[in-house]
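A quick write-up on the structure given underneath.
The values are calculated or read from the model by the stated rules, or taken from the named source; none is laboratory data. None of these values were measured; they are calculated from a predicted model. A quick note on method: Cβ atoms are made from the backbone with ideal geometry, for glycine too, and the neighbour counts reach across all protein chains shown. Each accessible area value is taken on the protein alone, full model and side chains, heavy atoms only, with ligands, DNA and RNA left out. Shrake-Rupley method; radii C 1.70, N 1.55, O 1.52, S 1.80 Å.
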Amino acid sequence: MDKVKKEILISKPEIDDRVQSLADEISRDYEGKDLVLICILKGAFVFMADLIRCLCIPCRVDFVRLASYGTGTVSSGSIMITKDIETPIYGTDVLIVEDIVDTGLTLSFLVDKLKEKGPRSLKVCVLLDKKERRQVPFNAEYVGFDIPDRFVVGYGLDFNEMYRFLPDVYVIQED
Ligand code: PRP
């Protein structure tokens, strides 16, 4: 782990400002609606925790955990839900909260699955968007930052389950 070099890509103050702006936008858009925020574990838990505390409208929260299967470092695109939400979302206004969209496979899968439960509306809020990595077309309605195709950690994102605790987002490079 000492051989991993890291440099800050997005500082905590920059994240805080952007999270507040996203929350302001969401508070305006969902005023008077039945908002349910769904956090994708594990990576999005830090973003979710900060985002809800910047909202000024009531909301419910729930959590989903997904697993993807593939060989080695290459995802096969086969995804399954290992922990489903417990909140009935039929007729509610659902906002999925995710740390990063990369190939788009995870969010495309989850959006399709949640639509089957009949929410009145379903949108996605991501902190980080690596648009150049898309394998399937996917656009989130709320995006914190567009980032280049680099491996990022911190603010909930991991490398081998490490670094999630870091307050800033870092780019890492292994020697
Ligand atoms: C990461 C990230 C997203 C997904 C994005 O999760 O948190 O859920 O990959 O990739 P995609 O757009 O290519 O599908 P990961 O599988 O690393 O799990 P974690 O959130 O538990 O760290």
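Here are some notes:
- Meets criteria (more than 10 Å from the ligand (Cβ to nearest atom) and in contact with a Gly (Cβ under 9 Å, 6 or more places away or on another chain)) for ASP168: yes
- Cβ pairs under 7 Å, 6+ apart, first in segment 155-175 and within 15 Å of LEU128 (Cα to Cα), second among the β-branched types (Val, Ile, Thr) and open to solvent by 40 Å² or more (accessible area, probe 1.4 Å): ASP168/ILE8; TYR170/ILE8
- Any hit, segment 132-140, residues being in contact with a strand residue (DSSP E or B) (Cβ under 8 Å, 6 or more places away or on another chain), of a type in the set (Phe, Trp, Tyr) and surrounded by fewer than 16 Cβ atoms within 10 Å (Cβ to Cβ): no
One line per residue, one yes/no per condition, for (1) aliphatic (A, V, I, L, M); (2) in contact with a Cys (Cβ under 7 Å, 6 or more places away or on another chain):
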{"residue": "ALA23", "(1), (2)": "yes, yes"}
{"residue": "CYS39", "(1), (2)": "no, no"}
{"residue": "GLY43", "(1), (2)": "no, no"}
{"residue": "LEU66", "(1), (2)": "yes, no"}
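- Complete set of residues in segment 123-142 that are charged (D, E, K, R) and within 14 Å of THR106 (Cβ to Cβ): ASP129, LYS130, ARG133, ARG134
- Filtered residues of segment 30-66 (kept if within 16 Å of the ligand (Cβ to nearest atom) and out of contact with any strand residue (DSSP E or B) (no Cβ under 9 Å at 6 or more places or on another chain)): ASP50
- Residue pairs whose Cβ atoms lie under 6 Å apart, sitting 6 or more positions apart in sequence or on different chains, and linking a residue in segment 121-146 that is without any contact (Cβ under 8 Å) to a residue 40 or more places away in the chain and on the phi > 0 side of the Ramachandran plot to a partner that is away from the ligand (no atom under 13 Å from the Cβ) and open to solvent by less than 90 Å² (accessible area, probe 1.4 Å), do not occur here.
- Looking only at segment 80-126, and only at residues there that are within 16 Å of the ligand (Cβ to nearest atom) and more than 17 Å from ALA140 (Cβ to Cβ), the one that is surrounded by the most Cβ atoms within 10 Å (Cβ to Cβ): ILE85
- Applying the set (1) touching a helix residue (DSSP H, G or I) at 6+ places or on another chain (Cβ under 9 Å); (2) farther than 19 Å from PRO13 by Cα; (3) open to solvent by less than 20 Å² (accessible area, probe 1.4 Å) to ASP149 leaves exactly one unmet item: (3).
- Residue in segment 20-29 that is at pLDDT 95 or above and within 12 Å of the ligand (Cβ to nearest atom) present: no
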